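A short write-up of the structure that comes next.
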There are 2 protein chains.
Amino acid sequence: MTATQLGRVQLLIMQVLWENGRTTARQITDSINEIEPIAHSTVQTLLRGLEEKGAVDHEAEGRTFVFFPLVEEANFKQSATRDLVKRVFGGKAGSLVSHLLKNEKVSAKEIDEIRKLIDQQSKKKK
Amino acid sequence: MTATQLGRVQLLIMQVLWENGRTTARQITDSINEIEPIAHSTVQTLLRGLEEKGAVDHEAEGRTFVFFPLVEEANFKQSATRDLVKRVFGGKAGSLVSHLLKNEKVSAKEIDEIRKLIDQQSKKKK
DNA sequence: GCCTATCGTTTAGTTAACTAAATCTAACAA
DNA sequence: TTGTTAGATTTAGTTAACTAAACGATAGGC
């Protein structure tokens, strides 16, 4: 599962699942409808697709299905990021980091966090 | 042009164009064939698509077309990155930076570069 | 017992990226 | 001048994501 093969809406569904753990299709529909309109049957069809590709699974509870993620969020982030790095930044993660720091807003708090991380990296290299 | 709507192979084509400037379809095909097999007619069809969406344009030189990019690489990187940040990292660029530093290989040289960048950022905040 | 709201399933249609063969055209070589 | 080559264009087919109406079944309310 290379994860990048998730579409935009499928990713929205996964995010609801990652956040809530076990979730019904109806709950997912409601969640997404807070952001943008979507028909319940659409969500169900997409869940089917996600299940086929092994990203989620379900159990029956009474007559309704409770869905849960099989793919971990961390793994997904990893492969989505690697895909971008490979395709757009010539495989150099550092190049993406530079791009982000130069062109995107990063809060002072996040900067501190980042400073700590690179200090750790430097130590490791010794 | 939100750029993320470029497919994988279309992006390969754009990269050849960004690197070489004015380029014929044949040169692009040859370039891509160094990486993976692709038919010339496929490249031509994709160029057509790119032209329709305003990413490239061409001029006739004799009987052959010379293509050139209309979209700038920097802009593309920007929107591809923003898309990832938005879709996968909850809109927080810093969160992606952290992820990269924690999980991806970044060379010592790149780390130095990054350190300089965050020093600049810190100064700006004062 | 019957209605209706809510399940999951089936069916069907759109769009975009990709693929490449087939075809038409013009140049160039022999 | 005739045939091969190398252009561009046309045509056509696949796959994946998305969309949602329509349908059949069932649980719960009245």
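Determine whether the stretch A:47-69 contains at least one residue that is of a type outside the set (Gly, Ala, Ser), in a loop (DSSP other than H, G, I, E, B), away from DNA strand C (no atom under 16 Å from the Cβ) and assigned by TED's automatic domain parsing to the domain that holds A:Leu17.
No: zero hits.
Is it fair to say B:Asp30 is more than 10 Å from DNA strand C (Cβ to nearest atom) and either part of a loop (DSSP other than H, G, I, E, B) or farther than 28 Å from A:Leu101 by Cβ (or both)?
Here the answer is yes, as B:Asp30 does meet what is asked.
Only one of (1) closer than 30 Å to A:Val106 by Cβ; (2) among the hydrophobic types (A, V, I, L, M, F, W, C); (3) not assigned by TED's automatic domain parsing to the domain that holds B:Glu110 is not met by B:Val97, so which one is it?
Just one mismatch for B:Val97, condition (3).
Condition check: in a loop (DSSP other than H, G, I, E, B) and touching a residue at least 24 places away in the same chain (Cβ under 8 Å). Does B:Ile13 satisfy that?
No.
Filter the stretch A:79-89 for residues that are within 9 Å of another protein chain (Cβ to nearest Cβ) and free of Cβ contacts under 8 Å to residues at least 60 places away in the same chain and give the result.
Within the stretch A:79-89, A:Thr81, A:Arg82, A:Leu84, A:Val85, A:Arg87, A:Val88, A:Phe89 qualify.
Can we say B:Gly94 is part of a loop (DSSP other than H, G, I, E, B) and away from DNA strand C (no atom under 11 Å from the Cβ)?
no
Hey, any hits in the stretch B:12-22 for a residue that's open to solvent by less than 30 Å² (accessible area, probe 1.4 Å), of a type in the set (S, T, N, Q) and either within 14 Å of another protein chain (Cβ to nearest Cβ) or within 12 Å of DNA strand C (Cβ to nearest atom) (or both)?
No - not one qualifying residue is present in the stretch B:12-22.
Which of the numbered conditions does B:Gly54 fail, given that it passes all the others? Conditions: (1) touching a residue at least 12 places away in the same chain (Cβ under 8 Å); (2) of a type in the set (Gly, Ala, Ser); (3) closer than 24 Å to A:Asp83 by Cα; (4) open to solvent by 30 Å² or more (accessible area, probe 1.4 Å).
(3)
Has the stretch A:27-43 got any residue that is more than 30 Å from B:Glu73 (Cβ to Cβ), more than 16 Å from DNA strand D (Cβ to nearest atom) and either surrounded by 15 or more Cβ atoms within 10 Å (Cβ to Cβ) or free of Cβ contacts under 8 Å to residues at least 24 places away in the same chain (or both)?
Checked against the condition, which is being more than 30 Å from B:Glu73 (Cβ to Cβ), more than 16 Å from DNA strand D (Cβ to nearest atom) and either surrounded by 15 or more Cβ atoms within 10 Å (Cβ to Cβ) or free of Cβ contacts under 8 Å to residues at least 24 places away in the same chain (or both), the stretch A:27-43 yields at least one hit.
When you check B:Phe76 against the structure, is it within 26 Å of B:Gln5 (Cβ to Cβ) and touching a residue at least 60 places away in the same chain (Cβ under 8 Å), yes or no?
So B:Phe76 passes the test.
Exactly one of these conditions fails for A:Asp83: (1) within 16 Å of DNA strand C (Cβ to nearest atom); (2) more than 21 Å from B:Gln5 (Cβ to Cβ). Give me its number.
(2)
Going through the stretch B:86-124 one residue at a time, which ones are open to solvent by 40 Å² or more (accessible area, probe 1.4 Å), among the charged types (D, E, K, R) and under 26 Å from A:Gln5 (Cα atoms)?
B:Lys86, B:Arg87, B:Lys92, B:Lys102, B:Lys105, listed by residue number.
Would you mind telling me which numbered condition in (1) open to solvent by 80 Å² or more (accessible area, probe 1.4 Å); (2) at pLDDT below 95 A:Arg48 fails?
If we test A:Arg48 against (1) open to solvent by 80 Å² or more (accessible area, probe 1.4 Å); (2) at pLDDT below 95, just (2) comes out false.
Assess whether B:Val71 counts as being open to solvent by less than 20 Å² (accessible area, probe 1.4 Å) and closer than 24 Å to A:Asp83 by Cα.
No, not satisfied.
The values are calculated or read from the model by the stated rules, or taken from the named source; none is laboratory data. The shown structure was predicted, so the numbers you read here are calculated from the model rather than taken from an experiment. No Cβ is skipped: glycine too gets one built from the backbone with ideal geometry, and neighbour counts run over all protein chains shown. Only protein heavy atoms, including side chains, enter the accessible area calculation; ligands, DNA and RNA are left aside. Shrake-Rupley method; radii C 1.70, N 1.55, O 1.52, S 1.80 Å.
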